[in-house]
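Working notes, structure below.
Here, each number is a calculation from the coordinates, and none is a lab measurement. Computed from a predicted model, the values in this text were never measured in an experiment. Counting neighbours? That spans all protein chains shown, and the Cβs are built from the backbone with ideal geometry, glycine included.
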Amino acid sequence: MKKHIFIFLVIMTSLGLSSYRWGFYAHRRINRLAVFTIPPELMGFYKKHIVYLTENAINPDQRRYAVDNEAPRHYIDLDVYGDSALQVVPHNWFDAVEKYTEDTLQAYGIVPWHITLMKFLLTKAFEEKDLDKILRYSADIGHYIGDSNVPLHTTENYNGQMTGQYGIHGFWESRLPELYADDYDFFVGKAEYVDNVQERAWEAVTAAHLAMDSVLSFEKELSKRFPESKKYSYEERGNSTIKVYSKKYSHAYDQMLDGMVERRMRASIKMVGDIWYTCWVDAGQPDVEVLKSLEIEEKTKKQMEEEKKKWEQRTVKSREHN
């Protein structure tokens, strides 16, 4: 894993600004903390596999560079649908396809609809007591839920490239959590059953999108008060020297956001736990002792390793978030 991270840092250094993305830090932390929200009757199963769920929280991000249709599952560019997007875009997939066509939806992102699909797949995996799929879909849906709660995953201006704020994506979702997450309050209570996962996904996207203007406008305002030499600094990461947003600039931005990153991470943790639990309930609450007795098959482990080697080849061009 350290080798993979180092390779990623080298790539980011060549681009001029470091980026860990929500995936390399926050996604792992979100999935891990979601385990502790699960009610006692199911927690034993998820705790047994907490390492898997934590380590594989970034798999969908790695697949973005190897699977053609993966990238749109991580975002939705709501602003391309107009100022009233939250009111006019249908929440039901088939209604949305009828209104805009599937090609259009895929072009501008499908994260809320994909969460609904993943909920169906995870429920079915529980019904079939298929451990490999339960763990894979649990880790994956946690990732997509995390993405749905990120404001910059709801706009075409996802990295500030349209407003002269290139690099803000990694700044908001990676640099700030990396610096301040240890001080965040991640106690979100116990997971609860979700009556309508489709609407819950849209609630997440809506809350994130409503915060998007502040993410951009606050940084734009702050940058006017900091000269370039104070806005950025350099840090040693492994064997590399990485350009990052300075701690002073990061602190000022975090203060302006007034806990926004913490709130979006808390919302993600709670939502992941809620939907994991909901899938198990909707599957008829299969015996947890039976689930705990299952082990991942060796062929599945080998398949996962082969997949990850393929992902590292980065054969598909995808949105960058540095």
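Please list 3J(HN,Hα) in residue order for region 228-245, calculated via the Karplus relation 6.51 cos²θ - 1.76 cosθ + 1.60 where θ = phi - 60°; whole Hz, with x for glycine and proline.
Ordered by residue, 3J(HN,Hα) equals 3, 5, 9, 6, 10, 8, 10, 10, 7, 10, x, 9, 10, 9, 10, 7, 9, 5 Hz.
So for region 204-322, taking the charge dipole from beta-carbon charges (+1 Lys/Arg, -1 Asp/Glu), which of Q255, L291, A204 sits furthest toward the positive end?
So the residue we want is Q255.
Among rounded, prolate and oblate, which fits region 174-322 when a ≥ b ≥ c are the square roots of the eigenvalues of its C-alpha gyration tensor, a/c under 1.5 means rounded, and a/b larger than b/c means prolate?
On the way: a/c = 2.39, a/b = 1.47, b/c = 1.63.
Oblate shape, in that a/c is at least 1.5 and b/c is the bigger or equal ratio.
Which three numbers, in whole Å and largest first, are the semi-axes of the equivalent ellipsoid of region 145-198 derived from its Cα gyration tensor as √(5λ)?
Working: eigenvalues 146, 69, 5 Å².
Square roots of five times the eigenvalues give 27, 19, 5 Å.
Which residues' amide hydrogens lie under 5 Å from the amide hydrogen of Y232, considering only partners 5 or more residues apart or on another chain, with H built in the peptide plane?
Under 5 Å from the amide H of Y232: S246.
Efficiency by 1/(1 + (r/R0)^6): what FRET value for K310 and E228, r their Cβ-Cβ distance, R0 = 41 Å, to the nearest 0.05?
Values: r = 40 Å, r/R0 = 0.97.
Here the calculated transfer efficiency is 0.55.
Using only helices, what value at 222 nm comes out for the chain when you add -39,500 (n - 2.57) per DSSP H run of length 4 or more and divide by the total residues, to the nearest 500 deg cm²/dmol? Show your work: numbers first, answer last.
Working: 17 runs with 187 residues, N = 322.
Here the helix-only value at 222 nm equals -17500 deg cm²/dmol.
Give me, ordered by chain and number, the residues 5 or more places off G109 or on other chains with an amide H under 5 Å from its own placed amide H.
Residues meeting the amide H criterion: D77.
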